[in-house]
1. Considering only residues that are touching a residue at least 12 places away in the same chain (Cβ under 8 Å) and over 17 Å from residue 303 (Cα atoms), which ones fall in the stretch 254-272?
2. Check residue 301 against each of (1) touching a residue at least 12 places away in the same chain (Cβ under 8 Å); (2) more than 16 Å from the chain's Cα centre (by Cα) and name the one condition it does not meet.
3. How many residues are in a strand (DSSP E or B) and touching a Ser or Thr at 6+ places or on another chain (Cβ under 8 Å) if we restrict to the stretch 135-148?
4. Can you find a residue that is of a type in the set (Lys, Arg) and at pLDDT 90 or above anywhere in the stretch 10-30?
5. Among the residues of the stretch 94-115, which ones are within 16 Å of residue 273 (Cα to Cα) and either charged (D, E, K, R) or without any contact (Cβ under 8 Å) to a residue 60 or more places away in the chain (or both)?
6. Would it be correct to say that residue 272 is over 28 Å from residue 107 (Cα atoms) and of a type in the set (S, T, N, Q)?
7. Can you name the residue in the stretch 44-56 that is surrounded by fewer than 20 Cβ atoms within 10 Å (Cβ to Cβ) and in contact with a His (Cβ under 9 Å, 6 or more places away or on another chain) and is also farthest from residue 326 (Cα to Cα) among such residues?
Amino acid sequence: MKMRQLMIWISLFACTIVSAQQRPYYTQYIMNNYIINPAVAGIENYWDVKASHRLQWVGLQDAPVTTYLTIQGPLHKSDYDRESATSFHASGQNPRGEAYWRDYTAPDPHAGVGFTMINDRTGPLNRFAAYGTYSYHLGISATTSLAGGVSVGFTNMSLDASKLNFGGTTVDPAVAGSGVINKIKPDISAGLWLYSKDYFLGIAAQQIIPEQLAFSDNTVYVQNGKLLPHIFVSAGYRMELSEDISFLPSALIRYITPLPLGFDLNAKFQYQDLLWAGGSFRYQDGFAAMVGINLNHNINIGYSYDVQTSNLNTVSHGTHEILIGFLLGNRYGDWCPRNLW
């Protein structure tokens, strides 16, 4: 294989790095807003551990596979929570009913910390990221709080030359023998999160520092790639349809220059603090159905299935995502979050 052929393929690969969203998609981010916005860290009075595995575009060779682990909680647990109906989980009663929300008060000012690990693989390209988070939550009224957070860490971008595919052309053994080529870059994110008993509004910037990306050794050379900042704006509102059922619409707007704006619309229905189900629409991409259950005050599970409306639908069997959560140190035994819903 001629080196010129390699450079043509690599140039197309680099253009993909520049022109597409470089951060993975998540369907169930509404159940873990921390994965989008670092200001969420420490929002509850316990440690929240989330593990997720996403198989995107099943049936398409070398499609994205994303796995993450997040841990976040208050730096120092406070006494702003108290025993309530949610602690006892009385049969036949809704612990998250009208009486509960009528007595809602903003948490005391406090700091939060968190840690994130993400591995995102697409074909020969793999992204591994790890970073720590610090946030601070401040009450600005009796029922409203404002949080700000920063995450700092690194991203390791790796290219497995042995997996390069040239459409049936035999790969030069010298290229395949290059193995995995790694590039480590700093990774910084920041965000703000305004929340109360009825709404939330957040803005976050990921991959704040633009970074040039190039892979090279004696045989393989990739240039003109660039890691770009990603801006996310999210908002949601909580409505009581009845004493037992809540309706939680939300939206997420994504902006990555030079791409046009992208957005998601979500609708979530929650029965008491036990079950939830919903759907999502991603503009010019597809639809998703979601369902989840709080098994007890320590474990919750969510599952989503995406269907593409783009041309990928002809070769893809959809996208599966599973999310498992663990609530550690849940002092008052709440079955679902108080400030994230």
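1. Taking the stretch 254-272 and keeping what is touching a residue at least 12 places away in the same chain (Cβ under 8 Å), we get 254-259, 262-272.
If the condition is that a residue be touching a residue at least 12 places away in the same chain (Cβ under 8 Å) and over 17 Å from residue 303 (Cα atoms), then 254, 255, 256, 257, 258, 259, 262, 263, 264, 265, 272 are the ones that fit.
2. Among (1) touching a residue at least 12 places away in the same chain (Cβ under 8 Å); (2) more than 16 Å from the chain's Cα centre (by Cα), the lone unmet condition for residue 301 is (2).
3. Step one: list which residues in the stretch 135-148 are in a strand (DSSP E or B), which gives 135-139, 144-148.
Then drop every residue that is not touching a Ser or Thr at 6+ places or on another chain (Cβ under 8 Å), which leaves 137-139, 144-145, 147-148.
Here the count works out to 7.
4. Of the stretch 10-30, the ones of a type in the set (Lys, Arg) are 23.
Applying the additional criterion that residues be at pLDDT 90 or above yields none.
Among the residues of the stretch 10-30, not one is of a type in the set (Lys, Arg) and at pLDDT 90 or above, which makes the answer no.
5. 96, 98, 99, 100 - these are the residues of the stretch 94-115 that are within 16 Å of residue 273 (Cα to Cα) and either charged (D, E, K, R) or without any contact (Cβ under 8 Å) to a residue 60 or more places away in the chain (or both).
6. On the way: over 28 Å from residue 107 (Cα atoms): no; of a type in the set (S, T, N, Q): yes.
No, not satisfied.
7. Looking at the filtered set, the residue picked out is 55.
Results for (1) modelled with pLDDT under 75; (2) assigned to a loop (DSSP other than H, G, I, E, B); (3) among the aliphatic types (A, V, I, L, M), shown as yes or no for each residue.
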{"site": "150", "(1), (2), (3)": "no, no, yes"}
{"site": "157", "(1), (2), (3)": "no, no, yes"}
{"site": "169", "(1), (2), (3)": "yes, yes, no"}
{"site": "178", "(1), (2), (3)": "yes, yes, no"}
{"site": "186", "(1), (2), (3)": "no, no, no"}
{"site": "194", "(1), (2), (3)": "no, no, yes"}
{"site": "203", "(1), (2), (3)": "no, no, yes"}
{"site": "209", "(1), (2), (3)": "no, yes, yes"}
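The values are calculated or read from the model by the stated rules, or taken from the named source; none is laboratory data. Please read all numbers here as calculations on a predicted model, not as lab measurements. Positions of Cβ are generated from backbone atoms using ideal geometry, with glycine treated the same way; all protein chains shown enter the neighbour counts.
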